[in-house]
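*Asks:* Pasting a structure here, questions to come.
The numbers here are math on the coordinates, done by the rules we state, and not lab data. Small disclaimer: the values here were computed from a predicted structure and weren't measured. Ideal geometry is used to build each Cβ from the backbone, glycine not excepted, and the neighbour counts take in all protein chains shown.
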């Protein structure tokens, strides 16, 4: 009988513990991947909440794509449920700062409600301090600023002017002779220039991570390509006016017009609606722009 009684007692204790766990406040923790960074470095900020079955949990919402003085570059979440039914829910944010100094990821609140109760309570998320340093080494000597030179003493002005005139004539003659010898460079086609610009903006984005400048550059490159290739002058047109001006073109297929409309709409979200694209979306907009240019490079209006 004793083993049975012991097993029964253990079961009752575990049941009581689980019930207590279910109604407890969530265990909330906040961490950052680095406490000392340089300007523009990515930091992973994580909020983790552990709670039982009886709780409904709401994580803090950060507006304007910012957490305090830090810009949110990317975000995500994970949810895991253990064998006891206890949930571990995580929100992570990739953040960066662009000023030097000590900054604080501000305190926040995780809201929770117990099952069967209308009362909403909160669990604090502690503030975390991060130091942001300049990319320049400490005590680095600045060598590219030179002192002001004194006034030039002008002597024999007539001879100096004559010498300069002769020098300009010689250089001009040499340039003309060189052009005749090597001939003019071939004129670059609109699609060649556009594809080269797309590659340049993508390389700049991979270095800086500035999505807005990347999307502005990509969309402007496509606009310039269309203006040159389709002989359309529309620098002040809105996106809708620009697309409507191409609507009657028989040289573009319906699929190509739809591709261009989706591309321009995606760019406007980032340029004007402060939408933060994922890395996959950033790659896709580059692929879409390149595809449109390649498919229309032989079109003649």
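*Asks:* Throw me the Rg/Rh for the stretch 25-133, computed over C-alpha atoms with Kirkwood Rh, two decimals.
*Replies:* When Rh is taken as the Kirkwood radius, the ratio is 1.03.
*Asks:* Now for a different question. Can you give me the distance in nm between label points at residue 253 and residue 274, each placed 7 Å from the Cα along the Cα-to-Cβ direction?
*Replies:* 4.0 nm
*Asks:* If you don't mind, there's one more thing I want to ask. Scaled to the compact-protein estimate 2.2 N^0.38 Å, what is the alpha-carbon radius of gyration of the stretch 190-296, rounded to two decimal places?
*Replies:* Cα-based Rg divided by the globular estimate yields 1.01.
*Asks:* Relative contact order (percent) for the stretch 190-296, with alpha-carbon contacts under 8 angstrom and 6 or more residues of separation?
*Replies:* 37 percent
*Asks:* Would you mind ranking 51, 178 so that the residue whose beta carbon has the fewest other beta carbons within 10 Å leads the list?
*Replies:* 178, 51
*Asks:* Here's another thing I want to ask about it. Going by C-beta contacts inside 10 Å, put 283, 268 in order with the fewest on the left.
*Replies:* Going from sparsest to densest Cβ surroundings: 283, 268.
*Asks:* Can you tell me the FRET efficiency between residue 33 and residue 262 if r is taken as the Cβ-Cβ distance and R0 is 25 Å, rounded to the nearest 0.05?
*Replies:* On the way: r = 35 Å, r/R0 = 1.42.
The pair residue 33/residue 262 has a calculated efficiency of 0.10.
*Asks:* How do 164, 111, 195 line up, fewest other C-beta atoms within 10 Å first?
*Replies:* Going from sparsest to densest Cβ surroundings: 164, 111, 195.
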